[in-house]
Amino acid sequence: MSDEQIFMIDEGRTVLPGILPESESRMLNKRKTEVVQPQFLSTAEAARMLGLSTTLVQTLVDQGELKGWKTRGGHRRISLDSIVDYQNVSRHSVSRQNKTTSKPRVTVVIERPGWIDGFRKDFSQWNLAIDVTFFDSVTEALLDLSSNRPDMIVVEMSMPRTHQEKTFQALENFNKRGHSPLSVVLVTEEKGLASCMPIGSASSIQLVPGPLSSVWFHAYLTGVIASCRI
């Protein structure tokens, strides 16, 4: 009798094929055919699961909020358990606002005509423990950065492609001048804009497919609050 004809079940009994009770046989077959859920996800998969940008997910890994490791090719693999734990923390972030010693600050630029008032109204109704400053001009926002530096900046870019490339480069130059780069998220419907990013450079600018939505904006702010807590 070959080894392949012998099965071991939970109670430690050795049984032969054909004489295993039908109910236990079905259970054994089910266990053998179950698909094991991956225990590690890529940065993009973790970002989609959390509703955050990949840059923010990478920051959370660097800060130890998420547990992960890198492959030989330099790709991150993030623990599914730590992602679930982080989600649980995020869900309770609003109820724990009174424990926050200082509010994170986010600058939001929305240049699309008629949109900024709607996002301001949505934000006022969410009652989140975060300071958000809205601008309808990238130029005004950049001028304000020199005196009132936020923790992060989100830019909804609906301007022509050439203007978007200039905005990308202006923010990249701003970060190169500072000692600590500013986390930047650019929301754009322009495909291929990532080609503006210097090859091989560790840019702190993250491109997110547009258009900007209220659902994504709420998830992003909630993630910022959770990541800034000690």
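The values are calculated or read from the model by the stated rules, or taken from the named source; none is laboratory data. Here the structure is a predicted model, which means the values were calculated and not measured. Please note: Cβ atoms are built from the backbone with ideal geometry, for glycine as well, and neighbour counts cover all protein chains shown.
Starting from the stretch 164-193, keep only residues that are within 19 Å of Val57 (Cα to Cα), then list their pairs with residues that are part of a strand (DSSP E or B) and among the polar types (S, T, N, Q) whose Cβ atoms are within a distance under 6 Å, requiring at least 6 positions of separation or different chains.
Note: pairs meeting the criteria are Val185/Gln206.
Give Val61, Val84, Val57, Val109 a once-over and let me know the one that is assigned to a strand (DSSP E or B) and at pLDDT 80 or above.
After applying the criteria, what remains is Val109.
Which one is farthest from Thr43 (Cα to Cα), of the residues in the stretch 204-218 that are hydrophobic (A, V, I, L, M, F, W, C) and surrounded by 15 or more Cβ atoms within 10 Å (Cβ to Cβ)?
Leu212
Looking at the stretch 154-167, is at least one residue within 14 Å of Leu221 (Cα to Cα), at pLDDT 85 or above, hydrophobic (A, V, I, L, M, F, W, C) and not in a loop (DSSP other than H, G, I, E, B)?
Yes, the stretch 154-167 contains at least one residue that is within 14 Å of Leu221 (Cα to Cα), at pLDDT 85 or above, hydrophobic (A, V, I, L, M, F, W, C) and not in a loop (DSSP other than H, G, I, E, B).
Kindly indicate whether Arg26 is within 40 Å of the chain's Cα centre (by Cα), among the charged types (D, E, K, R) and either at pLDDT 75 or above or not assigned by TED's automatic domain parsing to the domain that holds Ala219 (or both). Spell out how you get there, then give the answer.
Details: within 40 Å of the chain's Cα centre (by Cα): no; among the charged types (D, E, K, R): yes; either at pLDDT 75 or above or not assigned by TED's automatic domain parsing to the domain that holds Ala219 (or both): yes.
Here the answer is no, as Arg26 does not meet what is asked.
Any idea which of (1) in contact with a strand residue (DSSP E or B) (Cβ under 7 Å, 6 or more places away or on another chain); (2) part of a helix (DSSP H, G or I); (3) within 21 Å of Gly223 (Cα to Cα) is the one Val132 doesn't satisfy?
Only one criterion is unmet by Val132, namely (2).
Would you be able to say whether some residue in the stretch 14-23 is modelled with pLDDT under 55, of a type in the set (Val, Ile, Thr) and in contact with a strand residue (DSSP E or B) (Cβ under 9 Å, 6 or more places away or on another chain)?
yes
With the requirement that a residue be assigned to a strand (DSSP E or B) and not hydroxyl-bearing (Ser, Thr, Tyr), what does the stretch 64-81 give you?
Gly68, Trp69, Lys70, Arg76, Arg77, Ile78
Given Leu171, Leu186, which one is outside any helix (DSSP H, G or I), crowded, with 20+ Cβ neighbours inside 10 Å and in the same structural domain as Pro211 (by TED's automatic domain parsing)?
Leu186
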